[in-house]
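J.: Pasting a structure below so you can have a look.
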Amino acid sequence: MEMFNFLPPELIRMIIFVALLIGLVFLNALVMVYLERKIAGHIQRRLGPMEVGPHGIFQTLIDGIKLIGKQLIIPRDVNRPLFRLAPLLAFTPVVLPFVVIPFSQKIQARDLNLGLVFIIAMSAINVLAIFVAGWSSNNKYSLFGAMRSVAQNIAFEIPILLSVLSVVLMTNTFSMQGIVTAQSNIWFIIVQPVAFLIYFIACIAETNRAPFDLPEAESELTAGFHTEYSGMGFGLFFLGEYGNMFVVCSIATVLFLGGWHGFTLPFNDYGAIIWFMFKVYFLLFLMIQIRWTYPRVRFDQLMNLAWKYLIPISLVNVLITAVIVKL
Amino acid sequence: MKQYVNNIYFGLKSLVVGLVVTFKAMIQPVVTVQYPREEIDITPNYRGHIELVPNPETGESSCIICGMCAKECPSECITVKSEKSGDGKTKVLSLFVQDFTKCSLCGLCVENCPKGAIQFSDEYDLAGFTKEMFHFDLIKRLKERQ
Amino acid sequence: MTLLSTHLYSYLFIAIFLFATGLYGMIQHRSIIGMLISTELILSGAGLNFMAFNRFITPDPAIGQIFTLFIMGIAAAEAAIVISFSLAVYRRYQTIDPESVDKLRY
Amino acid sequence: MIIYRYIAEGLFIGFIMLVMSGSILAVRSRILMHAVLGLAVSFLGVAGLYFFLGSMFLTLMQILIYVGAICVVLVFGIMVGKTPKEIDEKQLRGKHSILAVSLSTVIFFMLSASVFFAKWNPVTEKIGDFSMAYLGKNMLYHYCLAFELISVILLAAIIGAIILARGGREADLG
């Protein structure tokens, strides 16, 4: 470490954390794709991938290597700079929220006072990436996918913000660590079940997962906004999607499931990461199961769900919470 | 308003029911078979290409070279030829070829054989690179099987 | 050592730059959406100005932030109105060139 | 730590570059979509400058509202409205262009001069802090009326936007 002495220790810590977090994003995507295939298989009473490695655990790794090795095809009439920019734009804002996620009491890259707002702001950039991808592809499927995606994101951003707000009203802080600490006695899912439900439903829509996967509905739009992407461009969108799922599930864990709280483990300051990961992957499992359970909704049903059910209910929920907190 | 609450109630209920159904399906044993590694017994009704039935005593085919199978075959895909045996009194089966590329698996040959010397085989994983690979020489196949 | 980021002037110059580019775009563009983009530039220049004064001139740091928040609210409202307006104009006139929208009654 | 200062200064210059290049792209680009993205880049730069001015909250709000909401609405408008993808070449040159360049240059230098020659009195003591609690208290005590008014304006804007966008469709159908 002698040669790095000219750097401030805080900077070194940040750099190491960011490297680890990018590693986590990749690892999470590998695990998630494998889980997705296996769970899908077992729900349909088959086995899923079995060929590469024992029970096919290296299948996703091999797929990733295949994606990296593939040729990047850029169609002739696309808008070249934007077409190349879009996958990066989709991937970067997904890594940034990981900075403020409290994996345990001590494992956190940085505890911002405004951590929650930070995450929400970063997820706003993601929409723009989908838009850029869809528009620059110069393809009707892509354009429709992007338009659907944005209409969906605008509609479901509101219930997410409102349900998050009802928790913030109770804790009086935006700091992720502070919200977790406030749940040492009781998890907020017991106090705020409605907010949790709304948050979870809206998040499935926000991450474009089935049954709300209209932006990439394969039977109507081939692949939606990433129809024209091949190789690692597609791979980055994929990584971004799974990273996003991890982020929203970890916010749900922090806000409602008590974060890293649980039975005390050895080295609890660091070991509590096991609790956190367990809760996050439980929610991710639920998301995967939902994808393989429900059929895709129609677009008007989607909009009705957001504007007629989720938004009014979450508004009422916020009002009731505010009144009870003030009493 | 009552309708609205009802919608929410029944909607959530049906969603939960759906999750329970898929969860049950997930923990039940799988029904598919990992094909190249496991194989299940084929049903007796399966119709593959035809093959000669060996005579249990001699092990040779019990075909009497009447030619009924070739005559009845609607796609004319069976060729039967015989030649005089060594002493010149009996005929010996010298060629029994089925062109499987034309066969429609109708089963008339099996039904019409007076000696019951033809049956359907249970082979289902046939594959080949040329048409000629499906011109089966049934005498050779019979010897290979024994 | 003097640093650019600790001077009021550098922020004010950027704000003026934003204002001037916004004005340029406003005059030169001939589509409603292009003009809206220029307006957003001008508004964000104004917001930057407020924040700069808030940091260096006023003793109370809440005022500038609140005014910038209000500007953001106004900008959002304005964007929503102008976009729906341009949709309506496009439906009736099949163009978003502001000079062709010259009928008071359609 | 001197190195912190250098890093911060580099970041500051980077943000200025973002603002300038983004805003020039926004007004000069022939393709409307590029213009909106230039606007987004410029807003991100301004968000960074807000961070240098000490307000994390405003930084995040700038990203959330300008980039996440306004730019997205603009792009949405471009896509839905079937607006032409490109602006005519002559628009960027015509008589408007000369006027625009000269006027904006004159105003830029006039304002710069007035900023440069004005006498500013920087304060060193602050009576409050940059925390959100202080901001929220001020917003709801001292500026309560403005706060209420802006919410009324937003509500009116939302209703107006819906009516404007819907009315056209009904007229077309009927």
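The values are calculated or read from the model by the stated rules, or taken from the named source; none is laboratory data. Predicted, not measured: the structure shown is a model, and the values here were computed from it. Positions of Cβ are generated from backbone atoms using ideal geometry, with glycine treated the same way; all protein chains shown enter the neighbour counts. Only protein heavy atoms, including side chains, enter the accessible area calculation; ligands, DNA and RNA are left aside. Shrake-Rupley method; radii C 1.70, N 1.55, O 1.52, S 1.80 Å.
J.: Of A:Arg84, A:Arg110, A:Arg76, A:Arg46, which residue is within 14 Å of chain D (Cβ to nearest Cβ) and either outside any helix (DSSP H, G or I) or at positive phi (or both)? Steps first, please.
T.: Working: A:Arg84 fails: either outside any helix (DSSP H, G or I) or at positive phi (or both); A:Arg76 fails: within 14 Å of chain D (Cβ to nearest Cβ); A:Arg46 fails: within 14 Å of chain D (Cβ to nearest Cβ).
Just one listed residue meets the conditions, A:Arg110.
J.: Find the strands (runs of 3 or more DSSP E) located wholly in region B:53-137 whose residues include 2 or more that are loosely packed, with under 12 Cβ neighbours inside 10 Å, and list them. Walk me through it before giving the result.
T.: Numbers: elements: B:78-84, B:91-99, B:118-120, B:135-137.
By residue number, B:78-84.
J.: Open to solvent by 50 Å² or more (accessible area, probe 1.4 Å), under 21 Å from A:Arg45 (Cβ atoms) and in a loop (DSSP other than H, G, I, E, B): is that true of B:Val33 in this structure? Please lay out each step first, then the result.
T.: Details: open to solvent by 50 Å² or more (accessible area, probe 1.4 Å): yes; under 21 Å from A:Arg45 (Cβ atoms): yes; in a loop (DSSP other than H, G, I, E, B): yes.
Taking the combined requirement at face value, the residue satisfies it.
J.: Just name the residue that is farthest from the other protein chains (Cβ to nearest Cβ) out of those in region A:92-107 that are in a helix (DSSP H, G or I) and crowded, with 21+ Cβ neighbours inside 10 Å.
T.: First, the residues of region A:92-107 that are in a helix (DSSP H, G or I): A:92-100.
In the following step, the residues that additionally are crowded, with 21+ Cβ neighbours inside 10 Å were identified as A:93-94, A:97-98, A:100.
Working: A:Pro93: 10, A:Val94: 15, A:Pro97: 12, A:Phe98: 16, A:Val100: 11 Å.
Selected residue: A:Phe98.
J.: Here is a follow-up. Helices (runs of 4 or more DSSP H) wholly in region C:1-98 with at least 1 residues that are in contact (Cβ under 8 Å) with a residue 60 or more places away in the chain and within 17 Å of the chain's Cα centre (by Cα) - which ones?
T.: Values: elements: C:8-28, C:32-56, C:61-93.
So the answer is C:32-56.
J.: Within region A:112-151, can you find the residues that are more than 19 Å from the chain's Cα centre (by Cα) and open to solvent by 10 Å² or more (accessible area, probe 1.4 Å)?
T.: Within region A:112-151, A:Leu112, A:Asn113, A:Trp135, A:Asn138, A:Asn139, A:Lys140, A:Tyr141, A:Leu143, A:Phe144, A:Met147 qualify.
J.: Do any residues in region A:117-139 that are at the interface with another protein chain (Cβ under 8 Å from one of its Cβ atoms) and more than 20 Å from A:Val78 (Cα to Cα) have Cβ atoms under 7 Å from those of residues that are open to solvent by 10 Å² or more (accessible area, probe 1.4 Å) and in a loop (DSSP other than H, G, I, E, B), where the two are at least six apart or on different chains, and which pairs are they?
T.: Qualifying pairs under 7 Å: A:Val117/A:Phe174; A:Phe118/A:Leu112.
J.: With under 24 Å from A:Val164 (Cα atoms) and either within 13 Å of another protein chain (Cβ to nearest Cβ) or open to solvent by less than 50 Å² (accessible area, probe 1.4 Å) (or both) as the only criterion, which of A:Gly240, A:Gly235 stands out?
T.: Values: A:Gly235 fails: under 24 Å from A:Val164 (Cα atoms).
Being under 24 Å from A:Val164 (Cα atoms) and either within 13 Å of another protein chain (Cβ to nearest Cβ) or open to solvent by less than 50 Å² (accessible area, probe 1.4 Å) (or both) holds for just one of A:Gly240, A:Gly235, which is A:Gly240.
J.: Among the residues in region A:9-16, are any modelled with pLDDT under 85 and surrounded by 14 or more Cβ atoms within 10 Å (Cβ to Cβ)?
T.: yes
J.: Would you check if there is a residue in region A:116-130 being under 19 Å from A:Ile160 (Cα atoms), of a type in the set (S, T, N, Q) and out of contact with any Asp or Glu (no Cβ under 8 Å at 6 or more places or on another chain)?
T.: yes
J.: Report every pair of residues separated by at least 6 positions or lying on different chains whose Cβ atoms are under 6 Å apart, first residue within region B:17-28 and more than 17 Å from A:Glu36 (Cβ to Cβ), second open to solvent by less than 70 Å² (accessible area, probe 1.4 Å).
T.: Hits for this filter: B:Gly18/A:Thr293.
J.: Ok, one more. Scan region B:58-81 for residues that are at positive phi and in contact (Cβ under 8 Å) with a residue 40 or more places away in the chain and jot them down. I'd like the intermediate steps shown before the answer.
T.: We begin by selecting, within region B:58-81, every residue at positive phi; these are B:59, B:65, B:67, B:76.
The one that is at positive phi and in contact (Cβ under 8 Å) with a residue 40 or more places away in the chain: B:Gly59.
J.: Right, here's the next one. Of (1) of a type in the set (Val, Ile, Thr); (2) open to solvent by 10 Å² or more (accessible area, probe 1.4 Å); (3) at pLDDT below 85, A:Thr171 satisfies all except one. Which?
T.: With respect to (1) of a type in the set (Val, Ile, Thr); (2) open to solvent by 10 Å² or more (accessible area, probe 1.4 Å); (3) at pLDDT below 85, A:Thr171 is out only on (3).
J.: Here's a follow-up. As an exercise: evaluate A:Ile154 against (1) surrounded by fewer than 24 Cβ atoms within 10 Å (Cβ to Cβ); (2) within 14 Å of chain D (Cβ to nearest Cβ); (3) under 16 Å from the mean Cα position of the chain (by Cα) and give the number of the one condition it does not meet.
T.: (3)
J.: Take the residues in region B:6-16 that are open to solvent by 80 Å² or more (accessible area, probe 1.4 Å) and not charged (D, E, K, R); name whichever of them is nearest to the other protein chains (Cβ to nearest Cβ).
T.: Narrowing region B:6-16 to residues open to solvent by 80 Å² or more (accessible area, probe 1.4 Å): B:9-10, B:13, B:16.
Still in the running and not charged (D, E, K, R): B:9-10, B:16.
Numbers: B:Tyr9: 12, B:Phe10: 13, B:Val16: 10 Å.
By that ranking, first place goes to B:Val16.
J.: Turning to a different aspect of this structure: If you take the residues in region A:282-304 that are in contact (Cβ under 8 Å) with a residue 60 or more places away in the chain and open to solvent by 50 Å² or more (accessible area, probe 1.4 Å), which one is farthest from A:Ala155 (Cα to Cα)?
T.: It comes out as A:Trp292.
J.: Shifting gears a bit: I want to confirm something. Restricting to region A:243-281 and keeping residues that are among the small types (Gly, Ala, Ser) and closer than 29 Å to A:Ala155 by Cα, which single residue is nearest to the chain's Cα centre (by Cα)? Steps first, please.
T.: Step one: list which residues in region A:243-281 are among the small types (Gly, Ala, Ser), which gives A:243, A:250, A:252, A:258-259, A:262, A:271-272.
Narrowing the set further to residues that are closer than 29 Å to A:Ala155 by Cα leaves A:243, A:250, A:252, A:258-259.
Numbers: A:Gly243: 5, A:Ser250: 8, A:Ala252: 10, A:Gly258: 18, A:Gly259: 16 Å.
Among those that are among the small types (Gly, Ala, Ser) and closer than 29 Å to A:Ala155 by Cα, it is A:Gly243.
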